[in-house]
Each structure stands twice: as structure tokens, then as C-alpha cells.
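Following: one structure in C-alpha cells, then a few remarks.
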Amino acid sequence: MNAFAIAIPGYLGPVDDLSSRIEAIGEDEIPTQWTPEHVQNRLIEAFRLVRRNPRVGPRVNANGWPEYLREFSDLTDMIEDEDLAELRKKITAAEATRMNEALSWPMQYLEGKPLAADALMTWAYAIAIKRDMAALLAHRKKRAMALAAEMMERHNAPPHLDPDGAVKDTRDPAVLQAYATRLEIAREVAKITNEALSSAPVPTHAQIRSNAQASFRAQCREAGCLPLVVKPHEAMPGKCLSRTNLDRQRKVAAAEISSRLKRSGRTIK
């Protein structure tokens, strides 16, 4: 293996040899062959054009692609109005073509790799709008945590009852049964705990309550009725929530796209 080869999954063939990629850089900073760096630059350019005209974008795969544009449009309140003159310029037909081409790459070349696609697009978007990546990821993680809390609350909530007290709930009966079992265990644990607290010295109360919580979880685990726990990355699957993962997946994505573009013979521009 060439000493300059980069050991990142997705880098395939000569295009991934660092020395070849350096030699590929031609005049006007346009390489003579597709490279991960040029793919990233094209996506940054595409998002700058989207910023100037957010109503345009690729129309294919309507059920998949608009999710990206919807999320990025949710972040428009983060954009600082420091380049108003530039933003007022309408994009040309040629610019629209370049933009749509670049924005379609994740759909074409990163199918089955949602984390890689999301990382590359999020990174390019942040660079394009001059937004601090840490702030953008913090905004996303806050949304993921709120969504996770909502999912847990909805799943673990008591059964919905009509005015007559009858259960009127669309959740799976197993979910409702799990709640009933947890409630029964909780009542029994609370009874034992209260009896222990009433006869124990105050300094031991904290330990008694801790033991009660541990007992509750152990009994729920044994009965198979533990409450649902949803983590942020589970609430927003396919989304990069950490900077480390984003940087790693972004490199994988850019490498895969550049390799596929090179193999397909697409014109470099």
C-alpha cells in the first residue's frame, strides 16, 4: 500500500491516494479528478445557493430528500444577516444546475448510510451559513432530548380513561399491562419502604429510599415491565449528535461520493 494512502472506509482506488489527490489539484483550485475535498466544497457552494434561494432544490425522491431541507430550514433563525447584499442576488440557471447536482449526491451515492449523509450535509450547511458547529449540534441535541422525553412520557403514561372510568387507549395492550404491573410493584415497594422509614433513624432514610428504588427496578426487570427509555440518538435515528461522530462520518461520506463520481465518469466542474 502506498505510504500516502488514507485508511478511511469509503476511500477506494487511486483517487484516495493522498499524493494523487494533491497532484489532481489544477489551476483555479478545480482538481483534474474528483476528490473528497472537492465534493465538500461543492456542497458548501450548494448550500450557499440554497441560502440565497431556499425555495429551490432537487425534486427527486420527495419522501426522502425534503427531510434534509426541512431540518435546515428550521435552523434559518440561526443565520446572521451579515451578507444581505449577497443574499439578495438571485441564482442563475447555471448555478441552480450545479446546486441541484451537488445536493442530489447523498441520495445517489449514500443510500443505506444515513449517518454519513447527515454528517456531510450538516457540516456543509454549517460552513455555508458560517454557523458554529458546536452550537448547531447543541441545538439538534436539545431537540433530540425533548423528542426522547416526549416519546417516553407518551409510552409510559397511565391508561387514558373516559368519563365513566373505562380504558380508552390506542396503545398496545401489552404496554397498558406493563403499566399496571409497574403500578402494582410500586405500591408494594412503597408500603414496605414507608414501614421501614417509620421505624428507622433519620440518617438511614436516604439509604432506605435508594434501596427501594433499586428493588423497584429489579422487580420490574424480572416481571418484564421496565418503563421505556429512549436515548437522544434513538429519538432521531440517522442523525449525528456528536462532533466526533460527525467528523468521522463526514469523511466517509465525502470519500464515497468522490469515488463513485470518479468511477461513473461524471465531468469534474
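Every read-out reported here was derived from the displayed coordinates using simple, explicitly stated rules and does not represent laboratory data. Being a predicted model, the structure only gives us computed values, none of them experimental. Reconstructed Cβ throughout: ideal geometry from the backbone, glycine too, with neighbour counts over all protein chains shown.
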Determine, from the Cβ-Cβ distance of SER198 and MET133 and an R0 of 45 Å, the FRET efficiency 1/(1 + (r/R0)^6), rounded to the nearest 0.05.
-> 0.25
With charges only on Cβ, +1 for K and R and -1 for D and E, what is the dipole size of the stretch 152-233 about its Cα centre, in debye, rounded to 20?
-> 320
Rank these for me by crowding, VAL175, VAL39, going from fewest to most other beta carbons within 10 Å.
-> VAL175, VAL39
Mind giving me the nanometre distance, one decimal, between the label points for ASP169 and LEU226, set 7 Å out from Cα along Cα→Cβ?
-> 2.0
